[in-house]
Amino acid sequence: MRPMTRWAMTGALLTTALVGPLSVPAQSAPVAPASLYAPSALVMTTGHGEKAATTTPERAVTVNCAYTTSGTHPDPRQACADLDRVNGDLDRLATLRGNDAGQPCTREYRPIVVTVQGVWRGTRINYEHTFANPCIKETQGAAAFAF
């Protein structure tokens, strides 16, 4: 996928993550003021390849960790907890679990790249990490990368 297309897709998903939870019907209960919380909305993608620039995203999810957790991630609450635990340090997040599942992984090289773009506690994030194969991504990476 071309970089311009990737940015357009990321922008659209990020806009949905930020605006979707904020739009409420006029007669609903008041929500907490957004100014009390730094924005935390991320778009995460995965795809088979070595670099994000040359890889077509196969799956994309959103995670919003502001006032309440939401998004299209299978477990946004756990993803936000993982991010909180490492204080947004995505390099630590990529090796958070080790191989605690006890699942042996083959040594095949079938790279899968994970990207994270958006805002974490008011700081802009543009992150990329390549795992050697999907098994290593699932057993070594944090639950935030399990989508």
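The values are calculated or read from the model by the stated rules, or taken from the named source; none is laboratory data. Note that this is a predicted model, so its numbers are computed, not measured. Every residue, glycine among them, receives a Cβ derived from its backbone with ideal geometry; neighbour counts consider all protein chains shown. Each accessible area value is taken on the protein alone, full model and side chains, heavy atoms only, with ligands, DNA and RNA left out. Shrake-Rupley method; radii C 1.70, N 1.55, O 1.52, S 1.80 Å.
Before moving on, here are some points about what is shown:
- V43, sole failed condition from (1) buried (at least 19 other Cβ atoms within 10 Å of the Cβ); (2) free of Cβ contacts under 8 Å to residues at least 40 places away in the same chain: (2)
- Selection count where residues are of a type in the set (A, V, I, L, M) and in contact with a Ser or Thr (Cβ under 8 Å, 6 or more places away or on another chain), scope the range 117-145: 1
- Any hit, the range 11-32, residues being closer than 23 Å to T130 by Cα and modelled with pLDDT of 90 or more: no
- Residue in the range 100-111 that is assigned to a loop (DSSP other than H, G, I, E, B), in contact (Cβ under 8 Å) with a residue 40 or more places away in the chain and either in contact with a strand residue (DSSP E or B) (Cβ under 6 Å, 6 or more places away or on another chain) or of a type in the set (D, E, K, R) (or both) present: yes
- Number of the exception - G98 against (1) at pLDDT below 80; (2) open to solvent by 50 Å² or more (accessible area, probe 1.4 Å); (3) in contact with a helix residue (DSSP H, G or I) (Cβ under 9 Å, 6 or more places away or on another chain): (2)
- One residue stands out in the range 33-54 among those that are at pLDDT below 90 and either in contact with a Lys or Arg (Cβ under 7 Å, 6 or more places away or on another chain) or not small (G, A, S) (or both): the one that is farthest from V114 (Cα to Cα), namely P33.
- Here T62 fits the description: modelled with pLDDT of 90 or more and either part of a helix (DSSP H, G or I) or open to solvent by less than 80 Å² (accessible area, probe 1.4 Å) (or both).
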